[in-house]
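The structure appears below as structure tokens.
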Amino acid sequence: MEWGPRSLGNRSILGDPRNREMQMTLNQKIKYRESFRPFAPSVLAEDCDKYFELATPSPYMLFVADVVKSRRNKLPDNYEKLPLKDKLYYLRSDIPAITHLDFSARIQTVHKETNLKYWTLIDQFKKLTGYGLLINTSFNVRGEPIVCSPDDAYRCFMSTEMNYLVVNNSIFDKTKQPPWPKTMETEKAKYLD
């Protein structure tokens, strides 16, 4: 388990912050909540200033900072007059899945000295993509507590549209699992756009 008010990389759902569809996918197909809800990044501490205007460590995801201007896209002149849905899905930066409407993000800096496994995972993602950050959200669905056991994690994994589950040194591919008879008790249709 972890200490702190947020998911910090141990009981987390992770995603690619570069994917412009990821925010909608996570909200609608995994978290089963409103599509406008934002997601936070976990970033390599030493790369934080490449993405965010944050001058202090934030290992517990407690600080909000703006995405640096060099990563932002120019907004259309009528941006402030657009409907919320159009604003939400406008490509605001090169890390759209974690860039909020106002260009801010709630940041977790990941430090090699305190969380080597998670730091290494993000560093490997950086080696593959050139980006030293991931989306990090708590491993649960709307209305449910964060998973507390491998059984909770597997049940949540099988009841949502997640692709993979990692527990310790085991990786589960959804396509290779036996059929799962139950689905989450949700009102997910209410949140589909």
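The values are calculated or read from the model by the stated rules, or taken from the named source; none is laboratory data. None of the values given here were measured: they were computed from a predicted structure. Note: ideal-geometry Cβ built from the backbone for every residue, glycine included; neighbour counts use all protein chains shown. Just the protein is used for accessible areas: all its heavy atoms, side chains included, with ligands, DNA and RNA removed. Shrake-Rupley method; radii C 1.70, N 1.55, O 1.52, S 1.80 Å.
Here is how the numbers come out for the structure above:
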quantity: Accessible carbon and sulfur surface of the stretch 1-143 relative to its total accessible area, %, 1.4 Å; calculated: 54
quantity: Interchain or long-range residues, amide H under 5 Å from Ser104's placed H; calculated: Val67
quantity: Sparsely packed chymotrypsin sites (Phe, Trp or Tyr not before Pro) within the stretch 1-101, loop by DSSP, other Cβ within 10 Å at most 11; calculated: Trp3
quantity: Added length on full extension, which subtracts the Cα-Cα distance from 0.36 nm per residue, Arg37 to Lys50; calculated: 2.2 nm
quantity: Residue-normalised accessible area of the chain, given per residue in Å² at a 1.4 Å probe; calculated: 57
quantity: 22 Å Cα cut-off, lysine pairs counted over the stretch 70-126 (separation 8 or more, or different chains); calculated: 4
quantity: Protection proxy ranking, peptides 163-176, 120-133, average beta carbon neighbours within 10 Å, highest first; calculated: 120-133, 163-176
quantity: More than 13 angstrom apart: percent of Cα pairs within the stretch 102-143; calculated: 62
